[in-house]
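K.L.:
Can you read through this structure? Questions will come right after.
The values are calculated or read from the model by the stated rules, or taken from the named source; none is laboratory data. No experiment lies behind these values; they were computed from the predicted model shown. Don't worry about glycine lacking a Cβ; one is built from the backbone with ideal geometry, like all the others, and counts go over all protein chains shown.
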Amino acid sequence: MLHHVEIYVSNLDVSLNFWSKILERLGYEKSGHWDTGFTLTNNEDAYLTFVQVEKKYEAHPYHRCAVGLNHIAFKAKDRATVDALRQLCIESGVNCLYDDKYPFANGGTDYYALFVEDPDRIKVEFVAMD
């Protein structure tokens, strides 16, 4: 069972705004905050921690097609939740990926999902499980 995921970010304040605003719609709350990081949890076993990258590593930008994390996916309660998240992202200027194929970017009509990029271009997926 997954315990936690820790993600290094280029700008802690920008990432806090992005992640907390979106994940609160899925029941996540800020459970920790310190000078160089914050944690979001949804009262399950696993949680997410975001940490400001050290200056000496800032020159190494993230790219999801390189070795490492490709994307992170979250289960949404239903299709209406996915649609509400998409609207929030549009209103907030978040880059929605594959928007011309929304909500069936994976093909077919049974996989209802939204794909966006966080401020560091990490792909984030929200999939309806109804």
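K.L.:
Within segment 43-93, count every residue that is assigned to a helix (DSSP H, G or I) and either among the β-branched types (Val, Ile, Thr) or under 13 Å from Ser10 (Cα atoms) (or both). Give the steps one after another, and end with the answer.
P.N.:
First, pick out the residues of segment 43-93 that are assigned to a helix (DSSP H, G or I): 55-57, 79-92.
Now restrict to residues that are either among the β-branched types (Val, Ile, Thr) or under 13 Å from Ser10 (Cα atoms) (or both): 55-57, 81-82, 90.
Of the residues in segment 43-93, 6 are assigned to a helix (DSSP H, G or I) and either among the β-branched types (Val, Ile, Thr) or under 13 Å from Ser10 (Cα atoms) (or both).
K.L.:
What number of residues in segment 96-130 are without any contact (Cβ under 8 Å) to a residue 24 or more places away in the chain and aromatic (Phe, Trp, Tyr)?
P.N.:
Count: 4.
K.L.:
Starting from segment 69-95, keep only residues that are without any contact (Cβ under 8 Å) to a residue 40 or more places away in the chain, then list their pairs with residues that are surrounded by 12 or more Cβ atoms within 10 Å (Cβ to Cβ) whose Cβ atoms are within a distance under 7 Å, requiring at least 6 positions of separation or different chains.
P.N.:
Arg86/Cys96; Arg86/Tyr102; Arg86/Leu114; Ile90/Cys96; Asn95/Val116; Asn95/Glu117
K.L.:
Give the residue, chosen from Asn106, Asn42, Asn95, Asn70, that is within 20 Å of Glu125 (Cβ to Cβ) and modelled with pLDDT of 95 or more.
P.N.:
Criteria check complete, one pass: Asn95.
K.L.:
Is it true that Lys56 is more than 29 Å from Met1 (Cβ to Cβ) and in contact with a Gly (Cβ under 9 Å, 6 or more places away or on another chain)?
P.N.:
No; evaluated as a whole, the condition is false for this residue.
K.L.:
Among the residues of segment 113-126, is any surrounded by fewer than 17 Cβ atoms within 10 Å (Cβ to Cβ) and over 12 Å from the mean Cα position of the chain (by Cα)?
P.N.:
There is no residue in segment 113-126 that is surrounded by fewer than 17 Cβ atoms within 10 Å (Cβ to Cβ) and over 12 Å from the mean Cα position of the chain (by Cα).
K.L.:
Let me ask you something else. Answer with yes or no whether Ala105 is surrounded by fewer than 11 Cβ atoms within 10 Å (Cβ to Cβ), part of a loop (DSSP other than H, G, I, E, B) and aliphatic (A, V, I, L, M). Step through it out loud before you land on a result.
P.N.:
Values: surrounded by fewer than 11 Cβ atoms within 10 Å (Cβ to Cβ): no; part of a loop (DSSP other than H, G, I, E, B): yes; aliphatic (A, V, I, L, M): yes.
Spelling it out, it is not the case that Ala105 is surrounded by fewer than 11 Cβ atoms within 10 Å (Cβ to Cβ), part of a loop (DSSP other than H, G, I, E, B) and aliphatic (A, V, I, L, M).
K.L.:
Could you grab me the full set of residues in segment 2-51 that are surrounded by fewer than 14 Cβ atoms within 10 Å (Cβ to Cβ) and among the aliphatic types (A, V, I, L, M)?
P.N.:
Leu2, Val5, Val14, Ala46
K.L.:
Let me ask something else. Please verify whether Leu23 is under 21 Å from Val5 (Cβ atoms) and in a helix (DSSP H, G or I), treating the condition exactly as stated.
P.N.:
In short, yes.
K.L.:
Still on this structure: Would you be able to say whether some residue in segment 2-14 is assigned to a loop (DSSP other than H, G, I, E, B), closer than 19 Å to Val116 by Cβ and touching a residue at least 40 places away in the same chain (Cβ under 8 Å)?
P.N.:
yes
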